[in-house]
Amino acid sequence: MKRPGKVARYKIQRRLGTELPGLGKAGALERRPYPPGENGNKRKKYSDFALRLEEKQKLRFHYGLKEEQLRRFIRDSKRGSGSNWVNKLVGRLETRLDNIVFRLGFASSIRAARQLISHGHVLVDDKKLDISSCVITAGQTIKIREKAKENQIVLQAMQSPRLDVPEFLLKETEYSGTLQAVPGMDAIPFSFDSGLFTEYYAARKV
């Protein structure tokens, strides 16, 4: 998936009618709360398929996933016991290292969090981890390395936090936090209809 620029990220959120914090700076819908395009302010009537597709796209764009990555997470979430695979899916997405770095306020977007991680600026249990998609387990501690505390990504995020730190994370110091528990759907920081999302994949092989 090609990484969208600022204008493209705004258009994505306007098209979906929802601010997606993972894409970065707020305000996509403040001045133009309608889809992009010449006739964007005239919202068309959505089909059932389009409504279901929108819910899927919200999840994919917020967490910055390619379609196959999302499908892989879905397959993993459907394994084992229990029928609420969407709840398990959200738990996996919210406990990815890139998302946790973002939710702890160390980066202003998930994309920026990945940059910190790939450059070796993030420690998990005091060991460098440069794999953004790694799923963190409860009890593990995430830190910003000492040499990265003056990094512009970190400084800008701390000056203007995109979101409050959620309850499933404990911010222990300014530059460290611990995953307390695996969250469920209530952790999603935007409006999301799990029923429509489930229906989208009900007739599709993942």
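Within region 1-20, the set of residues being within 15 Å of R114 (Cβ to Cβ) and modelled with pLDDT of 70 or more comprises just one member, R9. Checking each residue in region 176-192 for being within 16 Å of the chain's Cα centre (by Cα) and part of a loop (DSSP other than H, G, I, E, B) picks out V182, P183, G184, I188, P189, F190, S191, F192. For the criterion of being open to solvent by 10 Å² or more (accessible area, probe 1.4 Å) and in a loop (DSSP other than H, G, I, E, B), G120 fails. Only one of the listed residues (T137, T141) is polar (S, T, N, Q) and open to solvent by 40 Å² or more (accessible area, probe 1.4 Å). That residue is T137. Filter region 158-175 down to the residues that are part of a loop (DSSP other than H, G, I, E, B) and closer than 13 Å to F106 by Cα and list them by number. S160, P161, R162, L163, D164, V165, E174, Y175, listed by residue number. If you filter region 69-120 down to residues that are among the acidic types (D, E) and modelled with pLDDT of 95 or more, you find that the one that is nearest to E55 (Cα to Cα) is E94. Within region 144-167, residues that are more than 21 Å from S118 (Cα to Cα) and aliphatic (A, V, I, L, M) sit with their Cβ atoms under 8 Å from residues that are open to solvent by less than 100 Å² (accessible area, probe 1.4 Å) and assigned to a loop (DSSP other than H, G, I, E, B), at 6+ positions apart or across chains, in these pairs: L163/G105; L163/P189; V165/L104; V165/G105. A Cβ distance below 6 Å, combined with a sequence gap of six or more or placement on separate chains, defines the contacts here; from region 59-72, residues that are more than 16 Å from L163 (Cβ to Cβ) reach residues that are open to solvent by 50 Å² or more (accessible area, probe 1.4 Å) and not charged (D, E, K, R) in the pairs K66/M1. Can you name the residue in region 103-117 that is of a type in the set (D, E, K, R) and out of contact with any helix residue (DSSP H, G or I) (no Cβ under 7 Å at 6 or more places or on another chain) and is also surrounded by the most Cβ atoms within 10 Å (Cβ to Cβ) among such residues? Result: R103.
Would you confirm whether or not region 95-103 contains a residue that is acidic (D, E) and farther than 16 Å from L23 by Cα? No. Evaluating R204 against the criteria (1) assigned to a loop (DSSP other than H, G, I, E, B); (2) at pLDDT 95 or above; (3) open to solvent by 50 Å² or more (accessible area, probe 1.4 Å); (4) not hydrophobic (A, V, I, L, M, F, W, C) leaves one unmet condition, (2). Residues in region 62-102 that are surrounded by fewer than 18 Cβ atoms within 10 Å (Cβ to Cβ) and part of a loop (DSSP other than H, G, I, E, B): K66, R79, G80, S81, G82, S83, N84.
The values are calculated or read from the model by the stated rules, or taken from the named source; none is laboratory data. Fair warning: this is a prediction, and the values are worked out from it, not measured in the lab. Using ideal geometry, Cβ is built from the backbone for each residue, glycine included, and neighbour counts are taken over all protein chains shown. Each accessible area value is taken on the protein alone, full model and side chains, heavy atoms only, with ligands, DNA and RNA left out. Shrake-Rupley method; radii C 1.70, N 1.55, O 1.52, S 1.80 Å.
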